[in-house]
Amino acid sequence: MKKNILFFLTFFVMSLSLYTQDFSEVNSLALEFDKTVEFAQKNNPKLYRSILPPESQKIYDQIYEMIKNHEQKRLVTDVKLLVKDFRAITECVNYDNPDLFWWENTATFISDAKNIVEEISIPYLIKDENLEEAKSKVYLELKPVIFYASLIESDIDKIKYVHDYFCNNVVYNEYAKRTGRAEGLLQTVYSAIVNKNTVCSGYCRSFQLCMNILGIPCSILTSSTHSWNIVKVNDSWYEVDITSDAEGTDSIPKMFLIDRQTMSKFENHYPSYLTKDVLLKYPSNDKEFSYTKHFGYVKTCEPYTFKEFEQSIPEDFKITDLDFTGAADGVFSSDEDVDGTSSDSMSRYLSQKYPDYKIITTQIHPVTVYDSAETVIDLIKKAVMENNDSSDVKIITVSVIVEDSAIKNKVVSWFTNQTNLAQLVAAKFGKSRVGYSYSERGKIKYIELDLKIKAQPVK
């Protein structure tokens, strides 16, 4: 009997020790999440708060504090809040702050006979006793994304890396796609970052959170049925729609750093009433950036492989080590020090500190502008001649830009009559599919020539 009691007590003490250890780790990770959010907020442009009048901003700040502290009710005492203004304020809090993933993105109120709000109530998706565990899960999944994105020097390349990560690793919820209903955590960063299964709100909130952590100002834009992002690069605002790029059939992302006029041509991108005000104050009218000019004809989720996620990131790394405080508007100055390191060399600093951690990728090369059809044709022939390995799947892509329609027509004419090329490919790989496409944007003619071979090599 004594042996049984002794065994039970030993087992109980061991179980309690393991529970205490797990609880301590969860608590520590949740604390790191809170610290991460604190400095992300310093780079959060809070575009929606900025369109509110001063009195409404005070209510906005109170609601934010309520949600941050998981507070359920609060009396409104120092500000006169009208019922007609309440919805807009809560929506602004929702759109500005993706880190608050545990509330239901809405609030209720009690008002008096004069339609003045007296009390605010916040409903929550996650109970207070489960919140630390939820925060710790988000932080653990977020940590490698931020770590590897931080190794990239250019803001535009950081944006592509995070954009491609969510396109590559997160899927759109089938039930929501089938029914049009997205309830509970599906609208939050938790669904995308932890569950890897989300809807448009989850995609764009997660992107927004990552951008603000990385010191790149970013917010959400909404229509009546959809949401996407607006992000600031080189002092200009551009629009990004990860959901459409992830779900679309186009290999080249169509909604990556584009202007308002271009985005408005796509279905479900007509701005809602609050988003209209945001775009009036922060217009995304700059047409300077071109995906193909910057990256070439690099497809979504290329050239990044994300194989780097297979190794554990440094144990001593914390997101807050980056300390991306930035300037007041989130734009870094080249002479500003961050922990003794200039902010524009942060990626180099991290690469030197963690030399064994690299982003596994091929280098992105700018597209070459050719002025000779013969040069383009020779390039295609050379691609076929040099790619003679015995892999089961062979894809050769040649992307060119020409500025002359005569060159374009000559290349296309040759390409559609390339009997010898097709015979050469068939002899090497068994069979071939050769095709071409091009589009005109402004005065520059873009030609994309793809030679795709998928067959067993000829033995």
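Full extension from Ser50 to Trp414: what is 0.36 nm times the residue separation minus their Cα-Cα distance, to one decimal in nm?
Additional length available on full extension: 125.4 nm.
Would you please name the GluC sites (Glu not before Pro) within the range 216-308 that are DSSP coil residues with at most 16 other C-beta atoms within 10 Å of their C-beta?
Here the sparse-neighbourhood loop sites are Glu267, Glu288.
With each pseudo-label sitting 7 Å past Cα toward Cβ, what's the Ile313-Glu247 distance in nm, one decimal?
A separation of 2.8 nm, rounded to one decimal place.
What residues of the range 230-266 lie in the reach of a label at Ser290, counting those whose backbone N is under 12 Å from a point 7 Å from the Cα along Cα→Cβ?
Hits in the range 230-266 for Ser290 at 12 Å: none.
What's the Kirkwood radius of the range 58-159 in Å, using all Cα pairs?
15.6
Once R0 is set to 25 Å, what does the formula 1/(1 + (r/R0)^6) return for the Cβ-Cβ distance between Ser224 and Lys84, expressed as a FRET efficiency to the nearest 0.05?
E between Ser224 and Lys84, to the nearest 0.05, is 0.80.
So what are the ³J(HN,Hα) numbers for the range 90-100, from phi and the Karplus equation (6.51, -1.76, 1.60; θ = phi - 60°), rounded to whole Hz, Gly and Pro as x?
Here the 3J(HN,Hα) series is 5, 5, 5, 4, 4, 6, 7, 10, x, 5, 8 Hz.
Give the value in nm², to one decimal: projected area of the alpha carbon convex hull of the range 98-158, averaged over all directions.
Quarter of the Cα hull surface area: 6.8 nm².
Test of the criteria: in the range 105-176, which trypsin sites (Lys or Arg not before Pro) are in a DSSP loop and have at most 14 other Cβ atoms within 10 angstrom of their Cβ?
In loop regions of the range 105-176 (DSSP not H, G, I, E or B), the sparsely surrounded trypsin sites (Lys or Arg not before Pro) are Lys114, Lys127.
Mind giving me the nanometre distance, one decimal, between the label points for Asn69 and Gln352, set 7 Å out from Cα along Cα→Cβ?
4.4
If I model a spin label at Thr375 and Lys114 as a point 7 Å from the Cα along the Cα→Cβ vector, what separation in nanometres do I get?
Taking the two extended label points, one gets 7.6 nm.
Compute the Kirkwood hydrodynamic radius of the range 179-269, taking the inverse of the mean of 1/r over all pairs of distinct Cα atoms, and give it in Å to one decimal.
13.5
Please give me, ordered by residue number, the GluC sites (Glu not before Pro) of the range 117-156 that lie in loop per DSSP and have at most 12 other Cβ atoms within 10 Å.
none
Mind listing the phi-derived Karplus ³J(HN,Hα) values for the range 135-150, rounded to whole Hz, using 6.51, -1.76 and 1.60 with θ = phi - 60°, and x for any glycine or proline?
Calculated HN-Hα couplings, in order: 4, 5, 5, 4, 4, 4, 6, 6, 4, x, 4, 5, 4, 6, 4, 5 Hz.
For the range 217-269, how big is Rg over Rh, using alpha carbon atoms and the Kirkwood form of Rh?
My calculation of the ratio gives 0.94.
For the range 154-233, report the accessible area per residue in Å² (1.4 Å probe, heavy atoms, rounded to an integer).
Value returned for the range 154-233: 28 Å² of accessible area per residue.
Taking H as built 1.01 Å from N, whose amide H comes closer than 5 Å to the amide H of Phe306, not counting residues under 5 places away?
Ile360
The values are calculated or read from the model by the stated rules, or taken from the named source; none is laboratory data. From a predicted model like this one, the values you see are computed outputs, not experimental measurements. Reconstructed Cβ throughout: ideal geometry from the backbone, glycine too, with neighbour counts over all protein chains shown. Each accessible area value is taken on the protein alone, full model and side chains, heavy atoms only, with ligands, DNA and RNA left out. Shrake-Rupley method; radii C 1.70, N 1.55, O 1.52, S 1.80 Å.
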